[in-house]
Amino acid sequence: MKDTEKTGILYGVGVGPGDPELVTLKAVRIVRECDTVILPAKSKEDCIAYGIMKEACREIAEKELICMPFPMTKDENRLATAHEQIYLTIKKLLDEGRKAAFLTIGDPTIYSTYQYIHKRVAKVGYEAHIINGVPSFCAAAGALGISLADNKEEIHVIPASYDIEKTTELSGTRIYMKSGKKLGELKQMLQKQKKGGQMEVYSVENCGMMNEKVTREIGQLDDTSGYLTIVIVKEH
């Protein structure tokens, strides 16, 4: 059991999609107040979230940084083992009375590795808070200058790294998150679907970063685009 008289606080801090100016004031304040910053990467140089927050909050460089890489795999056993190790490390920090900020790109409530830890920490009674960040798909729509939905239109947010074939049946706007590795398959699927009706297809790679890339046609989708690629499909 945890020592209720000596317990720290865990914050899951969303840093937004990539533009440091989209980091919230609250996120900056929390990082400034924390003793430790947890990075879900092998090193601070490999952590996109750290690079974003460093531009918004220079004080982060003075904090204790702990790197905790999450394995990029769908193997449930490997994931369970990694999550347990990371949880135990964070638990120790909290038992020492630390305030720790766990950085995550985008928003901690949307396909975030932070949630695996937040649920476990909160379940056993530790204090844990979510600090929201600007969702990447909202920033992508802003970069494109488009609306994600109007009137009664529906919005569907889809993890593109899984099965996407049946998503063509969904009406309204479809947002494919982290599409990089599936762009070839997604492109073929959308080209086939467009033959049957009117459809707008957009993509934003590395939204808000220096190497941001925007496309507005199916044919412009690049199979070599990186992991942080969002594809937005609007049907009429």
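The values are calculated or read from the model by the stated rules, or taken from the named source; none is laboratory data. Bear in mind the structure is a predicted one, so any value in this text is a computation, not a measurement. Positions of Cβ are backbone-derived with ideal geometry, glycine not excepted, and every protein chain shown enters the neighbour counts.
Just to be sure I understand the filter: pairs with C-beta atoms under 6 Å, separated by 6 or more residues or on different chains, first member in segment 140-157 and without any contact (Cβ under 8 Å) to a residue 40 or more places away in the chain and in the same structural domain as VAL214 (by TED's automatic domain parsing), second member β-branched (Val, Ile, Thr) and outside any helix (DSSP H, G or I). Which pairs pass?
Between residues of segment 140-157 that are without any contact (Cβ under 8 Å) to a residue 40 or more places away in the chain and in the same structural domain as VAL214 (by TED's automatic domain parsing) and residues that are β-branched (Val, Ile, Thr) and outside any helix (DSSP H, G or I), the close pairs are ALA149/ILE155; ALA149/THR173; ILE155/THR173.
I need the full set of residues from segment 63-88 which are under 21 Å from GLU33 (Cβ atoms) and either assigned to a helix (DSSP H, G or I) or β-branched (Val, Ile, Thr) (or both), in order please.
Once the filter is applied, which keeps residues that are under 21 Å from GLU33 (Cβ atoms) and either assigned to a helix (DSSP H, G or I) or β-branched (Val, Ile, Thr) (or both), segment 63-88 yields only ILE66.
Does LEU183 satisfy the condition of being of a type in the set (A, V, I, L, M, F, W, C) and modelled with pLDDT under 90?
yes
Can you find a residue that is touching a helix residue (DSSP H, G or I) at 6+ places or on another chain (Cβ under 8 Å), modelled with pLDDT of 95 or more, outside any helix (DSSP H, G or I) and of a type in the set (A, V, I, L, M) anywhere in segment 41-62?
no
This table checks each residue for (1) outside the structural domain of TYR111 (by TED's automatic domain parsing); (2) over 27 Å from GLY51 (Cβ atoms); (3) among the polar types (S, T, N, Q); (4) touching a Leu at 6+ places or on another chain (Cβ under 6 Å).
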position: SER161; (1), (2), (3), (4): yes, no, yes, no
position: GLU165; (1), (2), (3), (4): yes, yes, no, no
position: ARG174; (1), (2), (3), (4): yes, yes, no, no
position: GLU185; (1), (2), (3), (4): yes, yes, no, no
position: LYS192; (1), (2), (3), (4): yes, yes, no, no
position: TYR202; (1), (2), (3), (4): yes, no, no, yes
position: GLU205; (1), (2), (3), (4): yes, no, no, no
position: MET209; (1), (2), (3), (4): yes, no, no, no
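Quick test of your reading of the structure: PHE137 fulfils all but one of (1) surrounded by fewer than 18 Cβ atoms within 10 Å (Cβ to Cβ); (2) touching a residue at least 40 places away in the same chain (Cβ under 8 Å); (3) under 21 Å from GLU235 (Cβ atoms). Name the failing condition by number.
Unmet for PHE137, out of (1) surrounded by fewer than 18 Cβ atoms within 10 Å (Cβ to Cβ); (2) touching a residue at least 40 places away in the same chain (Cβ under 8 Å); (3) under 21 Å from GLU235 (Cβ atoms): (1).
Mind counting the residues in segment 195-207 that are among the charged types (D, E, K, R) and crowded, with 16+ Cβ neighbours inside 10 Å? Step through it out loud before you land on a result.
The first filter runs over segment 195-207 and keeps only residues among the charged types (D, E, K, R), leaving 195, 200, 205.
After this cut, where a residue has to be crowded, with 16+ Cβ neighbours inside 10 Å as well, the list is 200, 205.
Total satisfying the criteria: 2.
Give the residues of segment 152-175 that are buried (at least 17 other Cβ atoms within 10 Å of the Cβ), assigned to a strand (DSSP E or B) and within 19 Å of the chain's Cα centre (by Cα), sorted by residue number. Let's see the steps before the verdict.
Restricting attention to segment 152-175, the residues satisfying the condition of being buried (at least 17 other Cβ atoms within 10 Å of the Cβ) are 158, 160-161, 164, 167, 173-175.
Add one more test, that the residue is assigned to a strand (DSSP E or B), and what stays is 158, 173-175.
If the condition is that a residue be buried (at least 17 other Cβ atoms within 10 Å of the Cβ), assigned to a strand (DSSP E or B) and within 19 Å of the chain's Cα centre (by Cα), then ILE158, ARG174, ILE175 are the ones that fit.
Given the criteria in a helix (DSSP H, G or I), surrounded by 18 or more Cβ atoms within 10 Å (Cβ to Cβ) and touching a Lys or Arg at 6+ places or on another chain (Cβ under 8 Å), does VAL31 qualify? Talk me through it step by step, then tell me what you get.
Working: in a helix (DSSP H, G or I): yes; surrounded by 18 or more Cβ atoms within 10 Å (Cβ to Cβ): yes; touching a Lys or Arg at 6+ places or on another chain (Cβ under 8 Å): yes.
It is true that VAL31 is in a helix (DSSP H, G or I), surrounded by 18 or more Cβ atoms within 10 Å (Cβ to Cβ) and touching a Lys or Arg at 6+ places or on another chain (Cβ under 8 Å).
If LYS192 satisfies every condition in (1) part of a loop (DSSP other than H, G, I, E, B); (2) at pLDDT 85 or above but one, which is the exception?
LYS192 satisfies all of (1) part of a loop (DSSP other than H, G, I, E, B); (2) at pLDDT 85 or above except (1).
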